[in-house]
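A quick write-up on the structure given underneath.
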Amino acid sequence: MTHIDVHSALQASLAAPYHDLVTRRTGLLVRTLIEHQLEGLADGSVAFLDFSRIGMLDRSCADEFVAKLMLPLTQEHPARNGYVVLHGVNEGHLDAIEQALLAHGLALVVQLPDGAAHLVGAVTDLERSLWTMVMAHGGVAVDGLAEAAGLARDEAQALLESLARRRLLRRDRDCYCPLGAAA
């Protein structure tokens, strides 16, 4: 797992010391820098983007940075097989992130400052329920999850595959696992 400090990326992208992610231009600069960092990671890596030192985040910047960072990863045949978790996201960031994700039909795993993981963005109640079950058990096989959720095996498999394709869970052979925890 790799930690990427979003504040450091912001500082490296701009000439002045800022703590806020506002404007599309700022989002583009930070996203470009972080995309280069992600390119150097091994396939299957989980990158924790640390927002803990970010002040304000507006929706236009969240759209340009967060949503556009995730779009290539969630394509049917992505250029790289990686995962992104937003770490240290505060309540003030959540609305802008969620609105940007919803506009693109995306979802992400975010960790609040207390370490609690949440699924935000475009997910159904059933997807959220299955994701929560995987998080609670630390990984599950399809048969066990289908039974626990009261679903047919094929339905559970399709939902878990969708969550994995959308980079919300990892698939390890016949097991679906959480993305991990930030250290």
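Quick notes on this one:
- Sole residue being under 27 Å from residue 161 (Cβ atoms), out of contact with any helix residue (DSSP H, G or I) (no Cβ under 6 Å at 6 or more places or on another chain), crowded, with 22+ Cβ neighbours inside 10 Å and β-branched (Val, Ile, Thr), chosen from 6, 89, 46: 89
- Residue check for residue 31: part of a helix (DSSP H, G or I), basic (Lys, Arg) and under 16 Å from the mean Cα position of the chain (by Cα): yes
- For the stretch 40-85, the tally of residues that are closer than 19 Å to residue 111 by Cα and of a type in the set (Gly, Ala, Ser) stands at 7.
- Selected residue (criterion: modelled with the lowest pLDDT) from residues of the stretch 53-84 that are of a type in the set (Gly, Ala, Ser) and buried (at least 16 other Cβ atoms within 10 Å of the Cβ): 82
- Pairs, first in a loop (DSSP other than H, G, I, E, B) in the stretch 75-100, second β-branched (Val, Ile, Thr) and surrounded by 21 or more Cβ atoms within 10 Å (Cβ to Cβ), C-beta under 6 Å, six or more apart: 89/110
- Qualifying residue in the stretch 100-123 (condition: more than 14 Å from the chain's Cα centre (by Cα) and among the polar types (S, T, N, Q)): no
- Condition check for residue 24: touching a residue at least 40 places away in the same chain (Cβ under 8 Å) and loosely packed, with under 14 Cβ neighbours inside 10 Å: no
The values are calculated or read from the model by the stated rules, or taken from the named source; none is laboratory data. All values reported here derive from a predicted model rather than from experimental measurement. Every residue, glycine among them, receives a Cβ derived from its backbone with ideal geometry; neighbour counts consider all protein chains shown.
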